[in-house]
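Reading through the structure tokens given below for one structure.
Throughout, read-outs are computed from the coordinates displayed, never taken from laboratory work. Just so it is clear, the model here is predicted, and its values are computed rather than measured. Every residue, glycine as well, gets a Cβ built from its backbone with ideal geometry; the counts of neighbours run over all protein chains shown.
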Amino acid sequence: MILPDHEIKKLIEEGRIGIEPLQENQIKSACVDLSLGPEIRIFRHTHEPCIDSKVPSDYIESTVMEKGKFILHPGEFILGITKEKVSLPDDIVGYVDGKSSLGRIGITAHITSGWVDPGFGGRLVLEITNLGRMPVVLYAGMKICKILFFSMSSPSKVPYNIRQDSKYHGQMDIEQSKIHEDI
């Protein structure tokens, strides 16, 4: 069941769902808008023939948006991060989805991994691509995505924050892929 605005507000007030910082106007009828932080990671061109998912590599570089903006060119892929830190209890999951207004100009704000496990805490890393034909300016602080909340029928026995294989719990910066840990 997707939680409506009044239940989201109640859970935030009770401290069960954490979203910091949060302004009242970010809470919509069935979701909460999240904004883009100023940090991004850009994929470098290297002399390597491919990215080997078995090998941790240093193929991305961190940067901060110059003057609070970044021009995303057609076909370009970057990692961004929400300004807000999100914390979930062991009986609520989240789902991150892009903003329709950005999709209408060719920007996908979150390609995969929209799932936010029960027990997760941290800032959410976003996989952002320009699928359009024109460059698009992204701004730090702009509404970039939304998070929906689902109530589980019972709490998870092993939420993300206590799982042995949780790779990204507590992330406050953009972490590159840790897929090599799964192989």
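Data overview
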| quantity | calculated |
| --- | --- |
| 29 Å Cα-Cα reach of residue 143 towards lysines, excluding residues that sit fewer than 8 places from it in its own chain | 9, 10, 28, 67, 69, 83, 85, 99, 167, 178 |
| Cα gyration tensor category, rounded, prolate or oblate, for the range 1-88 with a/c compared to 1.5 | prolate |
| Dimensionless Rg over Rh [the range 121-183; C-alpha; Kirkwood] | 1.05 |
| Shape category assigned to the range 73-159 from the gyration tensor of Cα positions, a/c cut at 1.5 | prolate |
| Proximal charge balance of residue 43 [Cβ under 14 Å; K/R count +1, D/E count -1] | -3 |
| Distance between the range 57-125 and the range 1-54 - C-alpha centres, whole angstrom | 7 Å |
| 12 Å beta-carbon shell around residue 156, net charge (K/R +1, D/E -1) | -1 |
| Net charge, residue 124 excluded, C-beta distance under 15 Å - Lys, Arg +1, Asp, Glu -1 | -1 |
| Fluctuation leader among 127, 13, 76 - the chain, Gaussian network, Cα springs under 10 angstrom | 13 |
| Stokes-Einstein diffusion coefficient of the range 18-177, Kirkwood radius over Cα pairs, 4 °C, 1.567 mPa s, in µm²/s | 78 µm²/s |
